[in-house]
Amino acid sequence: MPVMAYHLELAKENFKIAAAHFAIFGPSCAERLHGHNYYVSLTFETDVIDSKLGLSVEFNELKPIIKKACEELDEYVLFPEKSPYLKISKEKDSYKIIFAKKTYILPVEDVKLVPVLNISVEELSAYIWKRLKKAFKKYPQIKKFSVTVEETRGQRGTYTE
(Lines give C-alpha, C1' and ligand atoms only; values in the text may rest on other atoms or scores of the structure.)
Protein backbone atom coordinates (compact mmCIF):
# COMPACT_ATOMS: atom_id res chain seq x y z
CA MET A 1 0.00 0.00 0.00
CA PRO A 2 1.46 3.40 -0.95
CA VAL A 3 2.30 5.91 1.77
CA MET A 4 0.18 9.03 1.58
CA ALA A 5 1.91 12.34 2.11
CA TYR A 6 0.20 15.63 2.77
CA HIS A 7 1.69 19.09 2.53
CA LEU A 8 -0.24 21.67 4.53
CA GLU A 9 0.39 25.40 4.61
CA LEU A 10 -0.48 28.12 7.10
CA ALA A 11 0.01 31.68 5.88
CA LYS A 12 -2.25 34.08 7.74
CA GLU A 13 -2.34 37.86 7.41
CA ASN A 14 -1.66 38.26 11.14
CA PHE A 15 1.56 36.19 11.02
CA LYS A 16 3.30 39.53 10.57
CA ILE A 17 6.34 41.17 12.10
CA ALA A 18 6.68 44.94 11.68
CA ALA A 19 10.31 45.64 12.54
CA ALA A 20 13.31 47.80 11.72
CA HIS A 21 16.76 46.38 10.95
CA PHE A 22 19.79 46.67 8.76
CA ALA A 23 21.52 43.75 7.06
CA ILE A 24 25.27 43.55 7.57
CA PHE A 25 27.45 42.76 4.52
CA GLY A 26 30.86 42.87 6.17
CA PRO A 27 32.89 44.65 8.84
CA SER A 28 32.14 48.11 7.44
CA CYS A 29 29.31 47.61 4.94
CA ALA A 30 25.61 47.45 5.79
CA GLU A 31 22.24 48.72 4.71
CA ARG A 32 20.77 51.83 6.26
CA LEU A 33 18.36 51.29 9.12
CA HIS A 34 14.92 50.64 7.61
CA GLY A 35 11.75 48.68 8.26
CA HIS A 36 9.77 45.77 6.85
CA ASN A 37 6.44 44.13 7.33
CA TYR A 38 7.76 40.58 7.41
CA TYR A 39 5.24 37.82 6.71
CA VAL A 40 5.69 34.35 8.17
CA SER A 41 4.25 31.16 6.72
CA LEU A 42 4.65 27.49 7.57
CA THR A 43 4.50 24.32 5.53
CA PHE A 44 3.85 21.00 7.25
CA GLU A 45 4.36 17.46 6.07
CA THR A 46 2.36 14.58 7.49
CA ASP A 47 1.31 11.08 6.55
CA VAL A 48 -1.15 10.67 9.43
CA ILE A 49 -4.81 11.57 8.95
CA ASP A 50 -7.50 10.98 11.58
CA SER A 51 -9.77 8.33 10.03
CA LYS A 52 -12.93 9.84 11.56
CA LEU A 53 -12.23 13.52 10.90
CA GLY A 54 -10.06 13.57 7.78
CA LEU A 55 -7.65 15.97 9.52
CA SER A 56 -4.03 15.59 10.51
CA VAL A 57 -3.71 18.65 12.72
CA GLU A 58 -6.13 21.29 13.94
CA PHE A 59 -4.97 24.61 12.46
CA ASN A 60 -6.80 26.50 15.22
CA GLU A 61 -4.38 24.97 17.74
CA LEU A 62 -1.30 25.96 15.72
CA LYS A 63 -2.27 29.51 14.78
CA PRO A 64 -1.89 31.04 18.29
CA ILE A 65 1.53 29.39 18.67
CA ILE A 66 2.76 30.87 15.39
CA LYS A 67 1.20 34.26 16.16
CA LYS A 68 2.99 34.37 19.53
CA ALA A 69 6.36 33.68 17.86
CA CYS A 70 5.71 36.62 15.52
CA GLU A 71 4.62 38.93 18.35
CA GLU A 72 7.93 38.35 20.15
CA LEU A 73 9.68 40.25 17.33
CA ASP A 74 6.89 42.64 16.34
CA GLU A 75 7.35 46.42 16.66
CA TYR A 76 11.03 46.35 17.64
CA VAL A 77 14.30 47.44 16.16
CA LEU A 78 16.02 44.09 15.63
CA PHE A 79 19.77 43.69 16.14
CA PRO A 80 21.76 40.47 15.66
CA GLU A 81 23.21 39.61 19.05
CA LYS A 82 25.81 37.19 17.61
CA SER A 83 27.24 39.48 14.94
CA PRO A 84 31.01 39.85 15.20
CA TYR A 85 30.65 43.31 13.62
CA LEU A 86 28.45 44.93 16.28
CA LYS A 87 29.48 46.21 19.66
CA ILE A 88 26.40 46.18 21.91
CA SER A 89 26.29 47.64 25.39
CA LYS A 90 23.51 48.54 27.77
CA GLU A 91 23.73 51.99 29.35
CA LYS A 92 20.99 52.73 31.90
CA ASP A 93 17.72 52.48 29.95
CA SER A 94 19.32 52.43 26.49
CA TYR A 95 21.27 50.15 24.22
CA LYS A 96 24.32 51.56 22.53
CA ILE A 97 25.06 49.70 19.30
CA ILE A 98 28.20 50.50 17.33
CA PHE A 99 28.71 49.33 13.76
CA ALA A 100 31.77 50.62 11.89
CA LYS A 101 31.49 54.44 12.08
CA LYS A 102 27.83 54.48 13.15
CA THR A 103 26.45 54.59 16.67
CA TYR A 104 22.82 53.85 17.50
CA ILE A 105 21.39 54.70 20.92
CA LEU A 106 17.88 53.40 21.44
CA PRO A 107 15.58 52.79 24.42
CA VAL A 108 15.81 49.24 25.77
CA GLU A 109 12.06 48.73 25.34
CA ASP A 110 12.33 49.43 21.58
CA VAL A 111 15.16 46.96 20.90
CA LYS A 112 15.07 43.20 20.52
CA LEU A 113 18.44 41.48 20.54
CA VAL A 114 18.00 38.33 18.45
CA PRO A 115 20.51 35.49 18.96
CA VAL A 116 21.52 35.33 15.28
CA LEU A 117 24.44 36.55 13.13
CA ASN A 118 22.40 38.89 10.94
CA ILE A 119 18.83 40.12 10.62
CA SER A 120 18.16 38.38 7.32
CA VAL A 121 15.31 36.20 6.05
CA GLU A 122 17.65 33.21 6.34
CA GLU A 123 18.45 33.83 9.98
CA LEU A 124 14.92 34.90 10.95
CA SER A 125 13.31 31.82 9.38
CA ALA A 126 15.75 29.53 11.25
CA TYR A 127 15.24 31.45 14.51
CA ILE A 128 11.43 31.19 14.29
CA TRP A 129 11.66 27.51 13.30
CA LYS A 130 13.71 26.78 16.42
CA ARG A 131 11.22 28.71 18.59
CA LEU A 132 8.32 26.67 17.17
CA LYS A 133 10.04 23.26 17.26
CA LYS A 134 9.57 22.93 21.02
CA ALA A 135 5.85 23.78 20.87
CA PHE A 136 5.25 21.42 17.94
CA LYS A 137 6.62 18.38 19.80
CA LYS A 138 3.11 17.74 21.09
CA TYR A 139 1.99 17.13 17.48
CA PRO A 140 3.79 13.90 16.50
CA GLN A 141 1.76 13.71 13.30
CA ILE A 142 3.80 16.65 11.96
CA LYS A 143 6.76 14.84 10.43
CA LYS A 144 8.53 17.92 9.14
CA PHE A 145 7.82 21.63 8.90
CA SER A 146 9.35 24.65 7.21
CA VAL A 147 9.22 28.33 8.14
CA THR A 148 9.29 31.00 5.44
CA VAL A 149 9.90 34.68 6.18
CA GLU A 150 9.09 37.16 3.43
CA GLU A 151 10.52 40.66 3.83
CA THR A 152 9.02 42.09 0.68
CA ARG A 153 7.00 40.60 -2.16
CA GLY A 154 9.12 38.04 -3.98
CA GLN A 155 11.98 38.16 -1.47
CA ARG A 156 11.86 35.39 1.12
CA GLY A 157 13.85 32.70 2.87
CA THR A 158 12.76 29.27 4.07
CA TYR A 159 14.27 27.10 6.79
CA THR A 160 13.67 23.35 7.10
CA GLU A 161 15.49 20.94 9.36
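Points worth noting:
- Strands (runs of 3 or more DSSP E) contained entirely in the range 1-83, each with at least 2 residues that are without any contact (Cβ under 8 Å) to a residue 12 or more places away in the chain and over 13 Å from the mean Cα position of the chain (by Cα): none
- Single residue of Glu72, Glu150 found to be charged (D, E, K, R) and either surrounded by 18 or more Cβ atoms within 10 Å (Cβ to Cβ) or in contact with a Cys (Cβ under 9 Å, 6 or more places away or on another chain) (or both): Glu150
- Candidate set: the range 13-30, residues that are more than 11 Å from Phe99 (Cα to Cα) and loosely packed, with under 13 Cβ neighbours inside 10 Å; chosen: the one modelled with the highest pLDDT: Phe25
- Residue, nearest to Cys29 (Cα to Cα), within the range 99-114, restricted to residues that are in a strand (DSSP E or B) and of a type in the set (Lys, Arg): Lys102
- From the list Leu55, Leu10, Leu62, Leu42, the lone residue that is touching an Asp or Glu at 6+ places or on another chain (Cβ under 9 Å), closer than 24 Å to Glu161 by Cα and surrounded by 11 or more Cβ atoms within 10 Å (Cβ to Cβ) is Leu42.
- Residue count for the range 84-93, restricted to those that are at pLDDT 95 or above and not in a strand (DSSP E or B): 3.
- Verdict on Leu78 being hydrophobic (A, V, I, L, M, F, W, C) and surrounded by 12 or more Cβ atoms within 10 Å (Cβ to Cβ): yes
- Residue identified as of a type in the set (D, E, K, R), free of Cβ contacts under 8 Å to residues at least 60 places away in the same chain and in a strand (DSSP E or B) among Lys96, Lys133: Lys96
- Scanning the range 133-159 for residues that are closer than 11 Å to Phe44 by Cβ, at pLDDT 95 or above and not aromatic (Phe, Trp, Tyr) yields Ser146, Val147.
The values are calculated or read from the model by the stated rules, or taken from the named source; none is laboratory data. The structure presented is a predicted model; accordingly, all values stated were derived computationally and were not measured. No Cβ is skipped: glycine too gets one built from the backbone with ideal geometry, and neighbour counts run over all protein chains shown.
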